[in-house]
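Trainee: Pasting in a structure now, in structure tokens, and then I'll have a few things to ask.
The values are calculated or read from the model by the stated rules, or taken from the named source; none is laboratory data. Bear in mind the structure is a predicted one, so any value in this text is a computation, not a measurement. Glycine also receives a Cβ, built like all others from the backbone with ideal geometry; neighbour counts cover every protein chain displayed. Side chains are part of the model used for accessible areas, which takes the heavy atoms of the whole protein and leaves out ligands, DNA and RNA. Shrake-Rupley method; radii C 1.70, N 1.55, O 1.52, S 1.80 Å.
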Amino acid sequence: MKSKADVLLGLQWGDEGKGKIVDVLTPHYDLIARFQGGPNAGHSLEFEDVKHVLHTIPSGIFHPSKLNIVGNGVVIDPIILAKEIHKLTEKGMNVQVNLRISRKAHLILPTHRILDAASEAAKGHAKIGSTLKGIGPTYMDKTGRNGLRVGDTEAADFQLRYEFLRNKHIEMLRLYEFSDFNLPDMEKEWFEAIKFLKTIPTCDSEYLVNQALSENKKVLAEGAQGTLLDIDFGSYPFVTSSNTIAAGACTGLGIAPNSIGQVYGIFKAYCTRVGSGPFPTELFDETGERMRQAGKEFGSTTGRPRRCGWLDLPALKYAIMINGVTRLIMMKADVLSEFDNIRICTSYTCDGKNLDYIPYDTNQKVLEPVYIDMKGWKTDLTAFTEMNQLPQSFVDYVNFIEREVGVPIVILSVGPDRKQTIIRQPL
Ligand code: GDP
Ligand code: IMO
Ligand code: MG
């Protein structure tokens, strides 16, 4: 019998807690595969009082018997990947056993990172707020058909091809009048990392994944970023450069649409965003600051403070629609425990009209959130593991959201640790 791949992805602006939940769900799967993004991602997971942050490697890696694949849709900075692997090796893990890298994944060159910085500098106030990991320029070379892939590192003329692309980038940097970099040092580090990368097992991930499905093995596709950062459906241009949505799992791994099973959508009980771009429910006051402190809302990749605000239901419904979400997972409700009153945005006011959808130009138009208020639960949730322990006001909050969006919330996460997870409905 052939099985279907489940997809797990973020429904907001990233950092919803994907890493934690992939780690929690991994025992139910044989194979975990990242399908897009690159080291702009920071996926944290915590167990036995240690926090781990992954950037490129799938979050199932801490389960040695499960195969973890970096798919063709991912862009890889060999320097960052090598550092990630060294950290795991120091912890006694052997990634030779359970990590495979797609030969078709594109490589982030040092000059991609420099171009990212140059592009942001040129934009001035209109900058995206990129993580500066070279993501945009690398995907541009991919779609421009100029990119270098992991499999190319084996080619006899790899060095020449590298130099050809690098020289093109240097010309582009001249146009930007950007000279704030030391390329020889960056290149030395990069080529050392390429040498190391060649010791990590590669694969043709589309064959590997489809073979696994045909053997009825269980596959979980792990997304990075979030739906509202999607290149097509996010708040363009304040987005990342890949398709973060469920369709990205098809192109980023070579899975046919009719081989997708469950789509797990993860959202925080509130909203956060790092970088620039519209955020209708953003709080600029003390309440936002309290959320940031209670939720430790500082970026896993860049350390930047995350912008915080109340849950945005029209945005959540939009994300559920685009992804065909079948099961929801609500994260970090414990962060809201200190609030007497909890707000949910149910629609927006825009140009004097009430809207329950996201209009085209969210960059120019001001969306004023319309809120409903709910009673806070004022109870520490972090030690609860069962539904019947939960305070009624929290259960009301969960039921309200579920009713509004029409998709079951199957998991409630009430703390960063693996164990702080309540299974609400059988998976
Ligand atoms: P990801 O990018 O979606 O994997 O999310 P990040 O790891 O960037 O950010 C989520 C942060 O919240 C991490 O620091 C997690 O350890 C933490 N976290 C995850 N789930 C919970 C939760 O339910 N409660 C709290 N308080 N923290 C959580
Ligand atoms: P995870 O997987 C949160 C944001 C950046 C910036 C925009 C573009 O940890 O959820 P890029 O570096 O892609 O050019 O940045 O997207 N961004 C993220 N925000 N979580 C992420 O990943 C992000 N990856 C990119 O802050 O606004
Ligand atoms: Mg993150």
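Trainee: Enumerate the amide H contacts of LYS217 below 5 Å, restricted to partners 5 or more residues apart or on another chain; note that Pro and chain-start residues carry no placed amide H.
Mentor: Sorted by chain and number, the residues that satisfy this are SER3.
Trainee: About the Cα centre of the stretch 1-97, how large is the charge dipole given +1 on each Lys and Arg Cβ and -1 on each Asp and Glu Cβ? Please answer in debye to the nearest 20.
Mentor: 280 debye
Trainee: Report, in debye and to the nearest 20, how large the dipole of the chain comes out about its Cα centre when Lys and Arg carry +1 and Asp and Glu carry -1 on their Cβ.
Mentor: Magnitude of the dipole: close to 740 debye.
Trainee: Here is a further query. So which residue, out of ALA156, ALA333, ALA319, gets the largest mean-square fluctuation from a GNM of the chain using Cα contacts under 10 Å as springs?
Mentor: Of ALA156, ALA333, ALA319, the most mobile in the Gaussian network model is ALA156.
Trainee: To continue, here is another question. Comparing GLY73, GLY406, GLY17, which has the greatest mean-square fluctuation in the GNM of the chain with Cα pairs linked when under 10 Å apart?
Mentor: Top of the fluctuation ranking is GLY406.
Trainee: Turning to a different aspect of this structure: What are the GluC sites (Glu not before Pro) within the stretch 371-427 that DSSP puts in a loop, where the Cβ has at most 11 other Cβ atoms within 10 Å?
Mentor: Those satisfying the criteria are GLU386.
Trainee: Oh, and also: Can you give me the Cα centroid spacing of the stretch 17-48 and the stretch 345-387 in angstrom?
Mentor: The stretch 17-48 and the stretch 345-387 have Cα centres spaced 27 Å from each other.
Trainee: Just from its helices, what would the mean residue ellipticity at 222 nm be for the chain, if runs of 4 or more DSSP H residues each count -39500 (n - 2.57) and the sum is divided by every residue, rounded to the nearest 500 deg cm²/dmol?
Mentor: Calculated at 222 nm, the ellipticity per residue is -9500 deg cm²/dmol.
Trainee: In addition: Quick one: check the C-alpha center-to-center distance for the stretch 216-293 versus the stretch 135-187, whole angstrom.
Mentor: Taking the Cα centre of each part, the stretch 216-293 and the stretch 135-187 sit 28 Å apart.
Trainee: Roughly speaking, to the nearest percent, how much of the chain's 1.4 Å accessible area is carbon and sulfur?
Mentor: Of the solvent-accessible surface of the chain, carbon and sulfur hold 52 percent.
Trainee: Among the trypsin sites (Lys or Arg not before Pro) in the stretch 97-188, which ones are in a DSSP loop with at most 13 other Cβ atoms within 10 Å of the Cβ? Mind listing them?
Mentor: Sparse-neighbourhood loop trypsin sites (Lys or Arg not before Pro): ARG145.
Trainee: Which one of LEU45, ASN68, THR382 has its Cα pushed farthest toward the positive end of the charge dipole of the chain, where Lys and Arg give +1 and Asp and Glu give -1 at the Cβ?
Mentor: Going by the charge dipole, the pick is ASN68.
Trainee: Going down the list LYS83/LYS123; LYS142/LYS365; LYS66/LYS91; LYS218/LYS268, which pairs span over 21 Å between their C-alpha atoms?
Mentor: Among LYS83/LYS123; LYS142/LYS365; LYS66/LYS91; LYS218/LYS268, the Cα-Cα distance tops 21 Å for LYS83/LYS123; LYS142/LYS365; LYS218/LYS268.
Trainee: Report relative contact order for the stretch 218-280 in percent, whole number only (criteria: Cα-Cα under 8 Å, sequence separation at least 6).
Mentor: 23 percent
Trainee: List the GluC sites (Glu not before Pro) in the stretch 186-257 that DSSP assigns to loop (not H, G, I, E or B) and whose Cβ has at most 11 other Cβ atoms within 10 Å. Which are they?
Mentor: Listed in order of number, the matching sites are GLU215.
Trainee: Here's a follow-up. Would you mind getting the accessible area per residue of the stretch 136-211, heavy atoms of the protein chains only, 1.4 Å probe, in Å²?
Mentor: Heavy-atom SASA per residue in the stretch 136-211 reads 62 Å².
Trainee: What accessible area per residue, rounded to a whole number of Å², is obtained for the stretch 1-85 using a probe radius of 1.4 Å?
Mentor: With all protein chains present, the stretch 1-85 gives 26 Å² per residue.
Trainee: On to the next question. How charged is the neighbourhood of VAL239? Take every other residue with its Cβ under 9 Å from the Cβ of VAL239, and add Lys/Arg as +1 and Asp/Glu as -1.
Mentor: -2
Trainee: In a shell of Cβ-Cβ distance under 9 Å around ARG306, excluding ARG306 itself, what net charge do Lys and Arg (+1) and Asp and Glu (-1) give?
Mentor: Local net charge: +2.
Trainee: Among SER276, SER214, SER413, which one shows the biggest mean-square fluctuation in a GNM of the chain, springs joining Cα atoms closer than 10 Å?
Mentor: SER214
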